[in-house]
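This report concerns only the one structure given below.
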Amino acid sequence: MIDEIIEDAETRMGKSVESLRAELTKIRTGRAHPSLLDHITVEYYGTATPLSQVANVSVEDARTLMITPWEKDMVAPIEKAIMKSDLGLNPATAGTVIRIPMPQLTEERRHDLVRVVRNEAENGRIAIRNIRRDANSDFKDLLKEKEITEDESRQAEDRVQKLTDSFVAKVDEVLAAKEAELMEV
């Protein structure tokens, strides 16, 4: 019973860290990476469709993304979707190929992005602590129903606390790596 709760908590904490990593990949550094455009949707025959399903997104060089639509008619809608996105990118079209140059990040913008990254990391820590709270509450319920002893409950809470500490450390590692990446010129 206790092991199941701890296993569930560990799985959920792992998912929280992965979710943080996914969020941080969307935050732009100066480098071109296809995942920057993952959340962009394009109007395709009246349906909002992910960009990756209507075009090929590749890296042309370290500072340029190249988008090749599978249909010629999709060039304009893709351009429009990229300009409307919150990324602040300006696509340049050459025939059926769309190139997106990545602008250099200013020092001020880098510091703003670091603040955003720290906020995302704090949200990750909060999610992990909420999972710990849920597990501890499950232990208290088991104790109340006399399915486990007080000692077992205390030991289980200690195990969950160690688990929480290790996952918070992982969040801190991810944060430190992203901050270093953002501040590198």
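Values quoted throughout were computed directly from the atomic coordinates according to the rules given, and no laboratory measurement underlies them. Everything numeric in this text was worked out from a predicted model, so none of it was measured. For neighbour counting, all protein chains shown are included, and Cβ atoms are generated from backbone atoms with ideal geometry for every residue, glycine included.
So the values come out like this:
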{"read-out": "Farthest toward positive dipole pole in the chain [+1 Lys/Arg, -1 Asp/Glu at C-beta], among Val168, Pro34, Gln155", "value": "Pro34"}
{"read-out": "Footprinting exposure proxy for Leu51, Leu142 (fewest neighbouring C-beta atoms within 10 Å first)", "value": "Leu142, Leu51"}
{"read-out": "Dipole axis of region 94-176 (+1 Lys, Arg; -1 Asp, Glu on Cβ), positive-most option in Ala127, Leu143, His111", "value": "His111"}
{"read-out": "Extension gain from Gln53 to Arg129, taking 0.36 nm per residue of separation minus the Cα-Cα distance", "value": "23.7 nm"}
{"read-out": "Debye, to nearest 20: dipole size of region 34-101, +1 on Lys, Arg Cβ, -1 on Asp, Glu Cβ", "value": "100"}
{"read-out": "Given the chain, longest segment not containing exposed loop chymotrypsin sites (Phe, Trp or Tyr not before Pro) (DSSP; at most 14 other Cβ within 10 Å)", "value": "71-185"}
{"read-out": "Given charges at beta-carbon only (K, R positive; D, E negative), |dipole| of the chain in Debye", "value": "800"}
{"read-out": "More than 17 Å apart - percent of Cα-Cα pairs taken over region 34-101", "value": "29"}
{"read-out": "With 5 Å bins from 0: P(r) over region 1-52, alpha-carbon pairs, percent", "value": "4, 17, 14, 14, 13, 12, 10, 8, 5, 2, 0"}
{"read-out": "Top positive-direction residue, dipole computed over region 34-101 with Cβ charges, set Trp70, Val54, Asn90", "value": "Asn90"}
{"read-out": "Within region 73-111, backbone nitrogen closer than 19 Å to the virtual label 7 Å beyond the Cα of Ala62 toward Cβ", "value": "100-107, 110"}
{"read-out": "Total charge dipole magnitude, region 127-185, about the Cα centre, Cβ charges on Lys, Arg, Asp, Glu only, Debye to nearest 20", "value": "140"}
{"read-out": "Unit Cα scatterers, Debye sum, the chain: log10 I(q)/I(0) for q = 0.15, 0.19 Å⁻¹", "value": "-0.89, -1.14"}
{"read-out": "Computed label-point distance, nm, for sites Glu181 and Ser137 using a 7 Å Cα→Cβ extension", "value": "3.4"}
{"read-out": "Share of alpha-carbon pairs per 10 Å distance bin for region 64-142, given as whole %", "value": "15, 26, 19, 19, 13, 8, 1"}
